[in-house]
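I have placed the structure first, in the form of structure tokens, so that the comments after it can refer back to it.
Rule-based calculations on the coordinates, nothing more; no lab input. This is a predicted model, so every value here is computed, not measured. We place every Cβ from the backbone using ideal geometry, glycine too, and count neighbours over all the protein chains shown.
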């Protein structure tokens, strides 16, 4: 049964604060926030009616899912070495978070030409990254095997966060979501992206023996608890969302990584879901999802009023 959900337009003060926070996060390296509303009519890599456009509009799912994805990425020693040794995340996390967030938004909502150009730039940077893990295993950032793992963890994190903390999606919708991401994955160099949830679960099972506990994962979680992603007074909520991300990691992997006691506390799951559900109906002009809908000639609240299956 389909249910039409009306959007929530926040009170003026709350809306202004939310808009300011969003614009701040979208302003990368001091540049003005990207405008996703132009050029008019240019399609994205995935269409507005996709599951992806619904999932990626939700800021709670993006934060929680993104943290969960990085936990899984850092569990793979070659990916961990590349991420931790060749980025500024440890010393200056906020700019890195902004760049990663903007890249995600451009991949999903940006005009196709812009998305392809941005992804090509990422691939050129990856070509220059190579090294060895602490045990001497060589790696390259453009290795398709590693790119497939990064793609899988990101796709899983965002979808699982939406499915658990915002709104449950049918198996068909989840499979469509994975299929929708394969074009972008191939552009990034992931040549064997999973097309269904069953394929993704099989990959996780196959990879489990290669994943390992690391102090880097705990350091990453400490950074995400304290980095000024949200206003200071929302610090407790930010730390709760980090715990929600830990809870998304599949139980067998979570146990192997030593994270069994780092997840949500009693009663917190309901609070995270309340935040996710509220965020799923708040329309903000600065949102890439809203601007992308306008670029395609659709109402600003298209993704918020659409009937849900």
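Results, tabulated for the structure shown:
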| quantity | calculated |
| --- | --- |
| Ranking of 273, 57 by count of other Cβ atoms within 10 Å, fewest first | 273, 57 |
| Degrees separating the helix 112-126 axis from the principal Cα axis of the chain, which is the longest one | 20 degrees |
| Least to most buried among 214, 88, 81, 52 (fewest other Cβ within 10 Å first) | 88, 214, 81, 52 |
| Ellipticity estimate at 222 nm from DSSP helix runs (n ≥ 4, -39,500 (n - 2.57)) divided over the chain, nearest 500 | -18500 deg cm²/dmol |
| Between helix 77-86 and the chain: long-axis angle, C-alpha atoms, 0 to 90°, nearest 10 | 70 degrees |
| Exposure proxy ranking, count of Cβ atoms within 10 Å, fewest first, for 293, 277 | 277, 293 |
| Whole-number percent relative contact order across the chain, with pairs defined as alpha carbons under 8 Å at least 6 apart | 33 percent |
| Three-way shape call for the range 71-135 based on the alpha-carbon gyration tensor, with the a/c threshold at 1.5 | prolate |
| Degrees, to the nearest 10: 235-248 long Cα axis against longest axis of the chain | 60 degrees |
| Percent of C-alpha pairs per 10 Å bin, the range 3-308, short to long | 6, 27, 38, 23, 5, 0 |
| Pair-distance profile P(r), taking every C-alpha pair of the range 216-290, with 10 angstrom steps and integer % | 17, 41, 33, 9, 0 |
